[in-house]
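Input: a single structure, listed below in structure tokens.
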Amino acid sequence: MPNFIYEAIDKQGMKKSGELQADSKAGVLDHLSRQDLTPLSVREKGVVSGNKTLGINLFERVTAIDRILLTKHLSAVVKSGISLREALDILIADTEKPIVKKILTDAKFNLERGQPLSATFESWGKYFSPVFVGLVKAGEVSGNLEKTLDQLGDQLTRDNDLVKKVKSAMIYPAILIVASTAVVMVLLLFVLPRLATSFS
């Protein structure tokens, strides 16, 4: 089981860091959430990050964990009272995944051109649903972007937990279906031809 190094912010805005053993980043996020901590960064110990990959891998995608981390990190940094542009600068510097870094860079560029944050998420509609974009846009209009991002991060976490539970529940039926199919194939290909030969 790997060790992960994390940085997080508590409810008082104090920055905390530590090391935790978990199956995956999702496990670390669950632990931090139970401790009422907002994660800033989570990385596996011993894995050196860097900017060796300047381009985006064609097979790289934004996962549910990436969306959760992006939303919670952005919320935590904006909560600290700095401007959205400065918040994006911080996240761009801390982000390891090239495609997420590209999205944040686009957001900063669009912001400097007078476009809202929601416009960037909308342009990356392959990874961000209309509901996600709509909620961010509503937060911008109402002036409660940090609160909206915080609530959105919690909702994404709950959705991800539900998906994992559904997948776990589907493993046993899938195994039964595969086993049943294998038995039927054995009967059709080996047992029945021999029986037919014996009867004839």
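May I ask for the net charge around residue 99, where only other residues with Cβ less than 9 Å from the Cβ of residue 99 are counted and Lys, Arg are +1 while Asp, Glu are -1?
It works out to a net charge of +2.
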What is the set of long-range amide H partners of residue 4 at a cut-off below 5 Å, with H atoms built 1.01 Å from backbone N? 20, 21, 22, 45
Using +1 at the C-beta of Lys and Arg and -1 at the C-beta of Asp and Glu, which of 121, 100, 177 has the Cα lying farthest in the positive direction of the dipole of the chain? 177
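If each DSSP helix of 4+ residues adds -39,500 (n - 2.57) and the sum is divided by the residues in the chain, what number results at 222 nm, nearest 500 deg cm²/dmol?
-20000 deg cm²/dmol
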Quick one: among 68, 99, 82, which has the greatest mean-square fluctuation in a GNM of the chain with alpha-carbon springs under 10 angstrom? 82
Using the eigenvalues of the Cα gyration tensor, what equivalent ellipsoid semi-axes result for the chain when each is taken as the square root of five times the eigenvalue, whole Å, largest first? 44, 20, 17
Let me see the P(r) profile for segment 112-186: every Cα-Cα distance counted, bins of 5 Å, each bin given as a percent of all pairs. 3, 14, 15, 15, 12, 8, 8, 7, 7, 5, 4, 2, 1, 0
Can you tell which of 132, 190, 109 shows the greatest fluctuation in a Gaussian network model of the chain with Cα springs below 10 Å? 190
In whole Hz, with x marking every Gly and Pro, tabulate ³J(HN,Hα) for segment 145-156 from phi via Karplus 6.51 cos²θ - 1.76 cosθ + 1.60, θ = phi - 60°. 4, 5, 5, 5, 5, 5, 5, 5, x, 5, 5, 5
If the reach is capped at under 26 angstrom between alpha carbons, list the lysines near residue 137, excluding any in the same chain fewer than eight residues apart. 11, 72, 79, 97, 101, 102, 108, 126, 147
At a Förster radius of 41 Å, what calculated FRET efficiency corresponds to the Cβ-Cβ distance of residue 176 and residue 5, to the nearest 0.05? 0.50
With the chain treated as a Gaussian network of Cα nodes joined by springs under 10 Å, which of 88, 176, 20 yields the largest mean-square fluctuation? 176
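Values in this text are rule-based calculations from the coordinates and carry no lab data. Note that this is a predicted model, so its numbers are computed, not measured. No Cβ is skipped: glycine too gets one built from the backbone with ideal geometry, and neighbour counts run over all protein chains shown.
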